[in-house]
Every structure is written in structure tokens, then in C-alpha cells.
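Have a look at the structure below before the remarks.
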Amino acid sequence: MKAWESIINTAMLGTDKPTPAIADLPEEVALIANVIEASAGLDKEERYLQKAAVIYNYRQSGFVPFQKNDLPANKAPAETRPYCSPEAAGVLNAILGEENDQLLQLWLMQCCKSGQLLLPDVLPVVFEKAQKEMALRKVVIECSGNRGVWLSKMNLMWNWFTTIADEELWQMGTPAQRSEILKSLRLSEPAKALEWLQQTWEQENAAGKLELLKAMKVNSNANDLPWLEGLLNEKGQKVKDEALALLKSISGLSVVKQYQQLLRESVSLKKKRPY
């Protein structure tokens, strides 16, 4: 509409410039514009604003949005797994309200183990959580199903959803990415995470070894003991200290048993003699 272009130009250049002419307005709008122009109590700015309001509303009422009927259908494929129960969904909503990433991670792990999916309406909220916390991403992907893959393509910030496979990222990623991959894998497949770390251990520098050992705290268990005990012979003191701290956190540790035996041999209780 030519009159609307004139309104925009006047807004940018000022009311001293020509305002929309009555002749340029549709007949229905021109009737109202004539009444506004005839109002003696209005200055130029007020006349401009009132005409702009009328023209804007006329334009909105008659504006037809762009339509293209030959666009391909874009919908998510049907799911092959069931959604979680309403009760489980209620627990998830409570966790999201508490802003507790640890509980969220636990809920997602249980959802994966049961072979179920997140309800569609909560996907954007969970995606935003995983955007900020990389450790959540693997389980979020597993719980999101086909709709999650479809939805992830709607937002460039969610491009992590269909990025490089974990194993490739483990081999080629940055130190931070490799640490997060290890943490995530420890949650679902701790033995596999240990195997990956053992395969690359000799190629890691001291700083890398230290960070990866910290990632091994996730889901640490007795199966880690033999390898961790071997790290006590490492050259780097910080790596040895971290390995020992990790060892001490695992029950059934042989070195702890050795300390206990040493204490038993070093301490003896004697009966107090009566005076």
C-alpha cells in the first residue's frame, strides 16, 4: 500500500515532510482521514499518529500472508517405542522445576533402560538443558526418538543432536569434548569407556591423563581396580595422586586392605594392669 510506505517515511523523516495524501488512501480509510484532517484541535503530529493508526489497522485487517501450497510435508516419522507414562512425565516436570541436572540425568537413564521416550511437549525444554550440559546429550538423544531428530533440525543451536559419532569424536575431538564423551559413556557402558581410555592412554599427555581420570569418577566400580592400581607406577605425581584418590573411592580396594593389615600389625591392645 502506497499510503503505508508514506507513513514509514514520515516516521523516519519527521512530520514536516508530506504525509499520506487523502487521494492515496482507500475509500474506507479516506472517509476517516478526512474527519481527522478536519479536527481543529489536533496538531500535525497528532493528525499523523491518528491516520497512521487507522491505516495500520486497515492494512492488518486486509493483509494476506504469503502462501505456497506446493511446499513438501514436513512431519516427524512415527515412533517405534512407547512414550513414558503420565506418572513418569509428572516426575520429570518436577525435576525440571527444581533445576537439578543430576536428577534429570538419572531420570533420563531410567527412561533409556525401560526403552521409552520423552513426551513431545517436553523436548524443547530438555534440549535446552542438554545444550548447556554436554553430559546430558547422549541420554537425551536416546530418549527423544524420531521426533527428537526431526525437531533438532529446526534450531541451529541443537546441531549437536546429529553430529559426529561418539567413537569418532573420542578419537578426533578436543580435550573437553573427549572428557564429556567419556563421562557420558561411563553412565551407560562403563566397561567400554575404560576400554577406550586404555587404548589411548599411552598417547595422552600428562594434562590430558589428569582430566580423563577425573571423568572416570562417573560410575566408578570394582572393574576399574586392576587398571587404576597399575597407574600408581605412573611418572607424573598428579596423575598418581588422582588415581589413588579414585581408588580410595571404590570399595574392595586391595591397597586399602593392605593399609588395614599394616595397621593391624602396628597396633596392639594391652590390658591395663591394676594398681
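Values in this text are rule-based calculations from the coordinates and carry no lab data. Just so it is clear, the model here is predicted, and its values are computed rather than measured. No Cβ is skipped: glycine too gets one built from the backbone with ideal geometry, and neighbour counts run over all protein chains shown.
Projected onto their three principal axes, the Cα atoms of segment 163-205 cover extents of 26, 24, 14 Å, largest first. Global dimensions of segment 96-248 from alpha-carbon coordinates: Rg and Dmax equal 16.9, 52 Å.
Here, segment 116-187 is characterised by an Rg to Rh ratio of 0.96, where Rg is the alpha-carbon radius of gyration and Rh the Kirkwood radius.
Relative to the Cα centre, what is the charge dipole magnitude of segment 148-200, using +1 at the beta carbon of each Lys and Arg, -1 at the beta carbon of each Asp and Glu, and rounding to the nearest 20 debye? Display every interim value, and only then the final one.
Details: 5 positive and 6 negative charges, 32 e Å.
It works out to roughly 160 debye.
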